[in-house]
Amino acid sequence: MAGVSRRPPRSRPLALAALALSGGVILGLRALSPLIPIAAGLAALLGLSAILADRRDLVVGAALLALTTAGLSLGVDAEGAARHDCRSAWPAGKLVRVSGVAVGFLPEGERGSVRLRLQESADGRACRWIESIRVWGEGPVAPGALYEVQGSWRPLSRPGRVPLSPERRGWIAAREITQVGAARITDHPFLAARGAAAAKLWRLYPRRWAPLAQALILGERETLNPELQARIARAGLAHLLAISGLHVGILAAAIFSLARIVRISSVKAHVLTVFLTGAYVLLIGAPASAVRAALMVMLWALTRLAGRASSAFDVLGLSAIVLLVIRPWNIVEAGFQLSFAGAAAVGYAHSEALRSAWLRALPRLVKATLLSLLTSSAAVLLVSPITAIHFGRVTPAAVVGNLLAVPLLALAMPAMFTSAALSAWPALAVWPTGAAVVLLQAIDSLAGALSSVAWASLDVPRPGFLWAIMYTCLLILASQALHGAWQRRRFILAVGLICAVSIAWPPLVSRVGSDRITIYVLDVGQGDAIAIATPNRRWLLVDAGAKINDFDAGRSRVVPFLRGQGVRQLVAWMASHPDLDHVGGAVAVLESVSVDRVVGSGWVSGQSGQLAVLTWLSGQRVPWLRANRGTQISVDDVKLQFLHPQDQREVDHDGRPNAYSLVFRLEYGRFRMLFTGDAPGDIEDGLSRDLPEALSAQVLKVSHHGSASSTSSGFLTAVDPELAVISVGRGNRYGHPSPHVLWRLSAQGADIRRTDRDGTVVIEAGRDGSWRVRAAAQGYF
């Protein structure tokens, strides 16, 4: 390739070591402890073979396998400790009382979340705490002060297969936050300093800009306007709100440059840069991305002082090793992954671009612009699978946004630091404060302009780790072409194989199918919404949650779930009955995804939720199917057998909407699940008499949110469920679920899952009748 001097890829041992350790930690966090002796034995065998054969490649393999074993051990220990954390035994809604030292800052009258570094349980219960706990409440809260908190436990509401650290598994909704000890700089110097810095920012800046200044300087986003956060995220600039390598790099460069301007010697300037950068990272709470950047600054300074060259990838690798040894949970968190992926992409693209003769020949301004575009594009390309996995979003706008936002941030940070330093002299502080406000307005305007572009942020289905790894492998192989590696047969074979698998795998999976169905009982509060994914990932949706006042469960809960799953089309949407807590969110859902057909009982009650759906449907060409007893729907070997209502011309239920609820049994091979809507007890008893054999099912969706008027003993005897799922809102005013219903279900021997305590409940079932259940409260996202 013209202008490129070809060379073979260089070995980066510390980067490889970090990858090996990371792989072991990921496996260990999945509680795969039996792999430890196997990996250790293989490492020892490889080491012995390397000694006998005197082979360098075997030595490298043994070392990497030993690091993988060490990572396994670290992950297993971390997972075991988290399993015994006090929060793991808390059901949703549990009233708790804890005490601890505040880590975050909340001004008086502001609501947001802060973290507490827990000391002990205030009720005297012996508890094991791993890391801090998040608390949602109202200020004032000052970092370093001791607080006692009373409130209810709220687990995370999105289930998945990847474990989360205990700190991220939920939060306490505080009813009362009481300060029992003042912040003392002798006890918690960095926390006290953080509180003082945050208080200065809130005094200096207008209410609109103080939260943004706090986020950009201290990394605390708890009081930031949600609309502003969403706008910045859609523009691909979310990394500005988390103290990352960008912030630390700007600060380190400023400190070193100022030191040299005032004629401090190079050695002292390096030492001062490392010291002040480290102090700043400790001040903001040492997040993983900032620690990574600070370690890189320290290693850069050491290599410069020693007169040695260093590999950016090895520096990244060593930083990752240190962070994972200190805290293995970092590996599964988006901030850690984005920080290292972004830094690797920028470093690689920058070094490779500078080697291009055509780029070096360009004018300085053009060269700088093109170099920025290349590095920004590389970062977006490499972090896209990470943002897709964690957030279901990719942001092409970041390629352009970074070119403008980074200079604005580089100017805003010194202005905000200066204004805080001069806060004791208001006449002097007003000038840097005014400059910072102008720059903050510019950042907000830039985010608004970029987020309004249609292609700025794209919602995508979460690809899973297999697709992300395949995508990353393609990027790595493509980057090797810069070294002339495309001439090698191995390279061509590897690229061809990965491309072929990437292209052939989706249709192959859709043809073969997973041979399992997945049923999601969504946590939509006091209401119902149940999504069903067939083996070929065709989707059905039962109900859509409530729409009450400003809360639309369809828009805020169901649509984000469907987008996260990559759902663009529903085979059918089924309205169990017209009540608002079941169909209120339907219009938001129907406007967001295409629907092949709508299924209902055909009984019109005139309720507002049903009328809104009918009004929307009147302008669409969506067929309506009236389902009565005997109706069947089949999708991918999944059969829905409707048992109720009977033909309404033959039976009159006195105009009760619940009595016309759709009752149907889902059948997939030998697996059965019974859906009951809000069917009352007399309907259930009638089905028990008329169709006892048709009711039998392994899983029961409990009727009417666990109301005492449903789920009779006779009905349960006919169903004989192994698992009962109750869709119910936390602290609802109806007292659902009824203690009598819970007692009857327990007496029947059914395992009980509730969305108010367990969050979204996921049931996976196979043709052979086997099933398993998992829920958000188990600590997965």
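Here are a few things to note about the model shown:
- Matching residues, the stretch 570-589, being over 25 Å from the mean Cα position of the chain (by Cα) and open to solvent by less than 20 Å² (accessible area, probe 1.4 Å): 572, 573, 574, 575, 576, 577, 578, 582, 583, 584, 586
- Checked against the criterion of being assigned to a strand (DSSP E or B), modelled with pLDDT of 85 or more and under 30 Å from residue 33 (Cα atoms), the candidates 97, 134 yield just one match: 134.
- Residue satisfying all of: in the stretch 178-215; outside any loop (DSSP other than H, G, I, E, B) and farther than 22 Å from residue 429 by Cβ; nearest to the chain's Cα centre (by Cα) among these: 191
- All positions within the stretch 31-47 that are surrounded by 12 or more Cβ atoms within 10 Å (Cβ to Cβ) and in a helix (DSSP H, G or I): 35, 36, 38, 39, 40, 41, 42, 43, 44, 45, 46, 47
- Out of 209, 153, 202, one residue alone is among the aromatic types (Phe, Trp, Tyr), at pLDDT below 85 and crowded, with 16+ Cβ neighbours inside 10 Å. It is 153.
- Residue list for the stretch 140-150, filter: closer than 16 Å to residue 172 by Cβ and open to solvent by less than 10 Å² (accessible area, probe 1.4 Å): 141, 147, 149
- Matching residues in the stretch 20-38 - criterion: being at pLDDT below 85 and not hydroxyl-bearing (Ser, Thr, Tyr): 30, 31, 32, 34, 35
- Some residue of the stretch 531-544 being of a type outside the set (Lys, Arg), touching a residue at least 40 places away in the same chain (Cβ under 8 Å), in contact with a helix residue (DSSP H, G or I) (Cβ under 9 Å, 6 or more places away or on another chain) and part of a strand (DSSP E or B): yes
- For the stretch 203-213, the count of residues that are out of contact with any Cys (no Cβ under 9 Å at 6 or more places or on another chain) and at positive phi is zero.
- Selection of helices (runs of 4 or more DSSP H) fully inside the stretch 628-746 by the criterion of at least 3 residues being closer than 21 Å to residue 578 by Cα and without any contact (Cβ under 8 Å) to a residue 40 or more places away in the chain returns 681-690.
- Scope the stretch 522-569; condition at positive phi and surrounded by fewer than 21 Cβ atoms within 10 Å (Cβ to Cβ); matching residues: 537, 549, 566
- Any hit, the stretch 301-324, residues being modelled with pLDDT of 85 or more, outside any loop (DSSP other than H, G, I, E, B) and of a type outside the set (A, V, I, L, M, F, W, C): yes
Listed here are the residues, each with its yes/no results for (1) of a type in the set (Val, Ile, Thr); (2) buried (at least 17 other Cβ atoms within 10 Å of the Cβ); (3) more than 23 Å from the chain's Cα centre (by Cα); (4) more than 30 Å from residue 565 (Cα to Cα).
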{"site": "379", "(1), (2), (3), (4)": "no, yes, no, no"}
{"site": "385", "(1), (2), (3), (4)": "no, yes, no, no"}
{"site": "394", "(1), (2), (3), (4)": "yes, yes, no, no"}
{"site": "409", "(1), (2), (3), (4)": "no, yes, yes, yes"}
{"site": "430", "(1), (2), (3), (4)": "yes, no, yes, yes"}
{"site": "433", "(1), (2), (3), (4)": "yes, yes, yes, yes"}
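- The residue that is farthest from residue 585 (Cα to Cα), among those in the stretch 542-562 that are out of contact with any Phe, Trp or Tyr (no Cβ under 9 Å at 6 or more places or on another chain) and of a type in the set (Asp, Glu), is 550.
- The set of residues in the stretch 579-602 that are in contact with a strand residue (DSSP E or B) (Cβ under 9 Å, 6 or more places away or on another chain) and not in a helix (DSSP H, G or I) comprises 584, 585, 593, 594, 595, 596, 597, 598, 599, 600, 601, 602.
- Within the stretch 48-94, tally of residues that are part of a helix (DSSP H, G or I) and either small (Gly, Ala, Ser) or closer than 23 Å to residue 135 by Cβ (or both): 20
- Hits in the stretch 216-244 (condition: over 17 Å from residue 414 (Cβ atoms) and part of a helix (DSSP H, G or I)): 226, 227, 228, 229, 230, 231, 232, 233, 234, 238, 239, 241
- Scanning the stretch 283-318 for residues that are among the hydroxyl-bearing types (Ser, Thr, Tyr) and within 30 Å of residue 142 (Cβ to Cβ) returns a single hit, 289.
- Flag if residue 382 is farther than 26 Å from residue 448 by Cβ, without any contact (Cβ under 8 Å) to a residue 24 or more places away in the chain and of a type in the set (A, V, I, L, M): no
Residue by residue, here is whether (1) part of a helix (DSSP H, G or I); (2) open to solvent by 20 Å² or more (accessible area, probe 1.4 Å); (3) more than 24 Å from residue 230 (Cβ to Cβ) holds:
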residue: 337; (1), (2), (3): yes, yes, no
residue: 343; (1), (2), (3): yes, yes, yes
residue: 352; (1), (2), (3): yes, no, yes
residue: 358; (1), (2), (3): yes, yes, yes
residue: 366; (1), (2), (3): yes, yes, yes
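- The stretch 43-70 residues that are farther than 25 Å from residue 25 by Cβ, paired with ones that are part of a helix (DSSP H, G or I) (beta carbon under 7 Å, 6 or more apart): 49/58
- Looking only at residues in the stretch 772-781 that are of a type outside the set (A, V, I, L, M) and not in a loop (DSSP other than H, G, I, E, B), the one that is modelled with the highest pLDDT is 772.
- Selection count, the stretch 245-291, where residues are of a type outside the set (D, E, K, R), surrounded by fewer than 19 Cβ atoms within 10 Å (Cβ to Cβ) and on the phi > 0 side of the Ramachandran plot: 1
- Selection count, the stretch 750-771, where residues are open to solvent by 10 Å² or more (accessible area, probe 1.4 Å) and modelled with pLDDT under 85: 3
- When residues of the stretch 168-182 are limited to those that are modelled with pLDDT under 85 and open to solvent by less than 50 Å² (accessible area, probe 1.4 Å), the one farthest from residue 327 (Cα to Cα): 173
- Residue-level check: of (1) open to solvent by 50 Å² or more (accessible area, probe 1.4 Å); (2) hydrophobic (A, V, I, L, M, F, W, C); (3) modelled with pLDDT of 85 or more, residue 193 misses just (1).
The values are calculated or read from the model by the stated rules, or taken from the named source; none is laboratory data. Small disclaimer: the values here were computed from a predicted structure and weren't measured. Note: ideal-geometry Cβ built from the backbone for every residue, glycine included; neighbour counts use all protein chains shown. Side chains are part of the model used for accessible areas, which takes the heavy atoms of the whole protein and leaves out ligands, DNA and RNA. Shrake-Rupley method; radii C 1.70, N 1.55, O 1.52, S 1.80 Å.
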